[in-house]
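The structure under discussion appears below in the form of structure tokens.
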Amino acid sequence: MIREKTKELIMCALFVALIVAGAFIKIPIPVVPFTLQLLFTMMAGLLLGGKLGAVSVCIYIVMGLLGLPVFAEGGGFAYVLKPSFGYIIGFAVASYVTGTIANRVSNPGYARLLAANFIGLGIVYLFGMAYYYLMSNFYLGNPIGLWPLFLYCFLLAVPGDIVLCILGALLGKRMIPIMKSGRM
């Protein structure tokens, strides 16, 4: 029991560190930078399960809101006023959903892992785009229409994220059996 809890604690901490590192591996594109956060938040759900995956992402979010510069553009509580903060909220929800879907069976196949990742990706974009729209139009006074929102916050970013979903499914298929066997 204690050994299992210790393993869970270590794995959550590892994924927090990976998500932080993923925030700093970025390719600049307009509006929302492309980072590896999505990959690591997906993998947290796939490998740790929905609950622990979401806990890892929530710890990351709390660290950033407390002022540690772990987000792609810094940190601090004022980060909630950035239009891109919705994507970070989406990471936590998506990690839970991705992990829950993937781990309903003991050895998920590629199709299940891909479906879980794409559903998670949809959640990230739903939260991210809705938050971006609301913050831009109602808080910042910098209105954005639906077409520019779709173009900058979805079309420009989604090709790279689709690749990350496929990569996540490939990695998950290889690593889930290792995680469940206890060899990690």
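Values quoted throughout were computed directly from the atomic coordinates according to the rules given, and no laboratory measurement underlies them. Because the structure is predicted, anything quoted here is derived from the model rather than measured. Note that we place each Cβ from the backbone using ideal geometry, even for glycine, and neighbour counts take in every protein chain shown.
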Note: residue 7 to residue 163 extended length (0.36 nm per residue) minus current alpha-carbon separation gives 53.2 nm
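Checking the table 5/173; 26/173; 26/82; 7/180 against a 22 Å threshold on Cα-Cα, which pairs fail? Please list the in-between numbers first.
Details: 5/173 24 Å; 26/173 25 Å; 26/82 18 Å; 7/180 12 Å.
Too far apart for the 22 Å limit: 5/173; 26/173.
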Convert 20 °C to kelvin, take the viscosity as 1.002 mPa s, use the Kirkwood radius over C-alpha pairs of the chain as Rh, and evaluate the Stokes-Einstein diffusion coefficient in µm²/s, rounded to a whole number. 130
Degrees separating the helix 110-134 axis from the principal Cα axis of the chain, which is the longest one: 30
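Given R₀ = 41 Å, FRET efficiency for residue 51-residue 142 by Cβ-Cβ distance, to 0.05? Can you show the working numbers first?
Working: r = 37 Å, r/R0 = 0.91.
Given R0 = 41 Å and the Cβ-Cβ separation, E is 0.65.
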Taking springs between alpha-carbon atoms closer than 10 angstrom, which of 150, 118, 127 fluctuates most in the Gaussian network model of the chain? 150
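Work out, step by step, the length gained on full extension between residue 66 and residue 170: first 0.36 nm times the residue separation, then minus their alpha carbon distance; give nm to one decimal. Provide the component values of the computation, followed by the final result.
Working: separation 104, 0.36 × 104 = 37.44 nm, distance 3.42 nm.
Residue separation times 0.36 nm, minus the Cα-Cα distance, leaves 34.0 nm.
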